[in-house]
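The values are calculated or read from the model by the stated rules, or taken from the named source; none is laboratory data. These numbers come from a predicted model, not from an experiment. Cβ atoms come from the backbone with ideal geometry, glycine included; neighbour counts cover every protein chain shown.
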DNA sequence: TAATATCCTACCAATTTAGTAGGGGATATT
DNA sequence: AATATCCCCTACTAAATTGGTAGGATATTA
């Protein structure tokens, strides 16, 4: 399950995507529009910025904006930044790999299935972008 | 990510699958063979029993055994019993559905993607069985 | 009735989640 | 230069979840 924080991230990014090209957007605007607790949102946007998905500007006229077009931000990237691994087991994660104790990976049946599952999931989440979720309703 | 408990469940079920048809197996045997803390395993097996995947017998000569053949126990079922929802959002879960607040499901783009993801995942996890993970190495 | 083995209730420490509080620092305007 | 604006950073906290442990109750067999 994705955390509430991740769902907030998607909603905030959608708002920024809808306003892409219009200059910096205030945290407080996003907070109001998407009903996300302000200080929590501050934290989320900052993490997305550190992950290079957003850029920010301080002072009057400042705010956050997408660093690249909504078509270039895929959902797998967002989930990894805010939620963590996409795979169901650490030993099949591409970005957060951790070895299993007491398990020979070559012969582990669970690992084989979880690898297939990971690939199927990634095929979708890496293809779908912010643009897709913004304009899904049309 | 699947919990440690779920991974224990898979390992315990694999052991029971390997010994299918041999009568009741002791919790302590599974615990030793698969290196799972005894009392924790007790709890896990009991939950699997309540979910109708195992049957148990008390007293001397007792223990746990699979209620049906390893070919009839799919991984999605096990995950749902021990880990919970398979979907990435409650609003797209088939077995643990919960409505989103502040979201029109008909037009929610995130929901659409997460539905596709869920279906792709289930297609694999509902098809793969205990038998598959036991004999994956061959 | 004694031994065996599961079942049940309750507890516990560590970690994660979902925030809140408050000030610091950069920027723009007046 | 002063001030208002707005992001940035550190620290704290309550509640829930995770990963167990302890101990006795209950059922079964010999």
Is it the case, given these coordinates, that residue B:100 is surrounded by 15 or more Cβ atoms within 10 Å (Cβ to Cβ), free of Cβ contacts under 8 Å to residues at least 12 places away in the same chain and not assigned by TED's automatic domain parsing to the domain that holds residue B:22?
yes
Of the numbered conditions (1) crowded, with 19+ Cβ neighbours inside 10 Å; (2) in contact with a helix residue (DSSP H, G or I) (Cβ under 6 Å, 6 or more places away or on another chain); (3) away from every other protein chain (no Cβ under 11 Å), residue B:77 fails exactly one; give the number of that condition.
(2)
Among the residues of the stretch A:5-18, what is the count of those that are free of Cβ contacts under 8 Å to residues at least 24 places away in the same chain and either under 12 Å from the mean Cα position of the chain (by Cα) or outside the structural domain of residue A:62 (by TED's automatic domain parsing) (or both)?
1
